[in-house]
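Notes follow the structure.
The values are calculated or read from the model by the stated rules, or taken from the named source; none is laboratory data. Everything quoted here is computed from the prediction, not taken from an experiment. Positions of Cβ are generated from backbone atoms using ideal geometry, with glycine treated the same way; all protein chains shown enter the neighbour counts. Remember, those area values only see protein heavy atoms, side chains included, never the ligands or the DNA or RNA. Shrake-Rupley method; radii C 1.70, N 1.55, O 1.52, S 1.80 Å.
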Amino acid sequence: MSKFIEKLQNAWDKQNSLLVVGLDPDQQRMPESILQSKTPIFDFCKGIIDATAEYACAFKPQIAYFASQGAEMALTQLCHYISNTYPELPILLDSKRGDIGTTADHYAKEAFERYCADAITVNPYMGFDSIEPYLAWENKGVIILCRTSNQGGSDFQFFESADGTPLYLEVAKTVAEKWNLSEQCSLVVGATFPEELAKVRACVGDDMALLVPGIGAQGGDIEATVMAGANSKGQGLMINSARAILYASSGTDWQEAAAAEARKTRDSINEAREKFLATKKETEEI
């Protein structure tokens, strides 16, 4: 088992949470009080991290939100802050990289050295040699796009192979059977498509973690997500919510509102987990 999966499992257990808090800082939506700061992006994200850490199993900074605002240094500082202050919580760097050779080597160094990430999201479109440089970091996680939460994902992800298997399930099968030899791999599967989420879980089995975006602002249903994607222990999911938590309030109570939204989301996930486990027990007793 990779160090990333061990760290994630410990976070699931100790935090009693499957909630991932996404860090997608947008200065146009930040509270006015934060915008007066000399370092608004860092201060806002740090405030969110401190407010929500007790309810989360991981944090997921989206690199584009930082890079587009010239805030890569803020991202570096935030990742180091999480590592030092909340060392039990994994950092999932959402960058969706997808390139080959030395370029992928440098993307891996960016994620795992500069940003101290525990895992990175990557695109499998260019095949195994575009994934291999990340797998060389044996203690790190590699989270591979599979069935994404956006509607346009269906443009290609539903293409069928000769035996009728859609492309997203071919990705899931390939990752589970060929790429996950060191148990480093996870998959991205959107909460907006629970039927496909269930098919991916059935394909990859009980042990692989799934990163699930799409609840909150994107409208994915928490109970449907858990019922479709949880493993036999009622875990196995990293359920991401960003905007609904980050921008729960634009007033001076923004941290308190973010904490309340994170707690509510965590509790809703746990209620769904209880229902899932109860249903599983009833089925086994029949």
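Assorted remarks:
- Taking each residue of segment 163-179 that is closer than 14 Å to Ile143 by Cβ and looking for partners that are assigned to a helix (DSSP H, G or I) and open to solvent by 30 Å² or more (accessible area, probe 1.4 Å) with beta-carbon atoms closer than 7 Å, six or more apart or interchain, yields Ala172/Cys203; Ala176/Cys203; Trp179/Phe128.
- The one condition from (1) modelled with pLDDT of 95 or more; (2) assigned to a helix (DSSP H, G or I); (3) open to solvent by 70 Å² or more (accessible area, probe 1.4 Å); (4) not β-branched (Val, Ile, Thr) that Lys281 does not meet is (1).
- In segment 214-245, the residues that are of a type outside the set (Val, Ile, Thr), within 29 Å of Glu256 (Cα to Cα) and in contact with a Leu (Cβ under 9 Å, 6 or more places away or on another chain): Ala224, Gly234, Gln235, Gly236, Leu237, Met238, Asn240, Ser241, Ala242
- Some residue of segment 22-45 being touching a residue at least 12 places away in the same chain (Cβ under 8 Å), out of contact with any Leu (no Cβ under 6 Å at 6 or more places or on another chain) and within 15 Å of Ala260 (Cα to Cα): no
- Matching option when the condition is open to solvent by less than 70 Å² (accessible area, probe 1.4 Å), over 18 Å from the mean Cα position of the chain (by Cα), on the phi > 0 side of the Ramachandran plot and at pLDDT 95 or above, among Gly47, Gly70: Gly70
- Any chance Asp253 is without any contact (Cβ under 8 Å) to a residue 12 or more places away in the chain and either loosely packed, with under 15 Cβ neighbours inside 10 Å or of a type in the set (Val, Ile, Thr) (or both): yes
- Selection over segment 256-278 of residues that are open to solvent by less than 90 Å² (accessible area, probe 1.4 Å) and in contact (Cβ under 8 Å) with a residue 60 or more places away in the chain gives a count of 8.
- Yes/no for Glu223 being in contact (Cβ under 8 Å) with a residue 60 or more places away in the chain and over 16 Å from the mean Cα position of the chain (by Cα): no
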